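J.: Below is a structure I'd like to ask you about.
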Amino acid sequence: MLRNCLTVFGCALLATLSIASATRAQNADSAGAAKVPTVAAPGADLTGVWTQFPRIGALSAGDGGFVFSKEEPPMTPWALAKLKATKAPHTGGYTGPSDDTTLQCFPPGVPRIYLFNFPMEILIVPGRVLIVHEFGHFIRQIWTDGRPHPKDMNPSWMGDSIGKWEGDTLVVDTVGFNDKTWLDQVGHPHTEALHLIERIHRTAPDMLQIDFTFDDPKAYTKPWAGTKQFKLRPDWHISEYVCEENFTNKEIEEISK
């Protein structure tokens, strides 16, 4: 009797494990099927060390390389009030210290990190494009293996980026931001609802262009566009940069007085 009971129990256990194993395999197959990586056009290559072009010095007058668009983006009342209250180093017109969190070595976030006068290196590996920024040595991973964004994301400084190739253009879709960064050097805000699209492509053998589309309905009344160009620096490499050691902020604080 006991032996029969144990046998029945064992059979039931084996059946349960078999069903669970089959379910996991089916889910894995479904997840694998959902990943449809795209392939770059023959000869398409974004690799190399790049710098913002033209390069903008810390003491340069005007907005220069400090924003993505010469036109003011269509802000909601909340965003406009937030911008007016911001003490950004490149705008001046206020007293006291700046509230720019990068002066405390916090990450500048995406896309603001493109506006810093530090080089970045683009590397292409199977299933990913890596952007290594000299500033803070932040590394951005853009997944190109066909995966979707995670369903449950913790808000982060750099967001979650997935990309696909359209010919020789890398189209990057980024969401999952926190609201602790600015979009640019003058303090345009965003919320956790920010959805950023980047189209990264070469316009010449030594020139790279990124076209941005910003969509954040809580901060802007409609999507708006911007662009930035970068120059290839074939003789450059990414150097060590430690914010706490090297970034004294003296130059920036001078123009914020």
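J.: Taking the Cα centre of region 103-177 as the origin and placing charges on Cβ (Lys, Arg +1; Asp, Glu -1), which of His137, Leu170, Trp157 is farthest toward the positive end of the dipole?
T.: Looking along the dipole axis, the top candidate is Trp157.
J.: Give the order of Phe106, Phe214 when sorted by the count of other beta carbons within 10 angstrom, beginning with the fewest.
T.: Neighbour counts put them in this order, fewest first: Phe106, Phe214.
J.: Could you line up Thr227, Thr144 from fewest to most neighbouring Cβ atoms inside 10 Å?
T.: Result, fewest neighbours first: Thr227, Thr144.
J.: Can you sort Met120, Met207 from fewest to most other Cβ atoms within 10 Å of each residue's own Cβ?
T.: Fewest-to-most ranking of Met120, Met207: Met207, Met120.
J.: In bins 10 Å wide, starting from 0, what share of all Cα pairs of region 48-255 does each bin hold, as a percent?
T.: For region 48-255, the binned pair fractions read 8, 34, 39, 17, 2 percent.
Computed from the coordinates by the stated procedures, all read-outs in this text should not be read as laboratory data. Everything numeric here is computed off the predicted structure, so don't read it as measured data. Backbone-built Cβ (ideal geometry, glycine too); neighbour counts: all protein chains shown.
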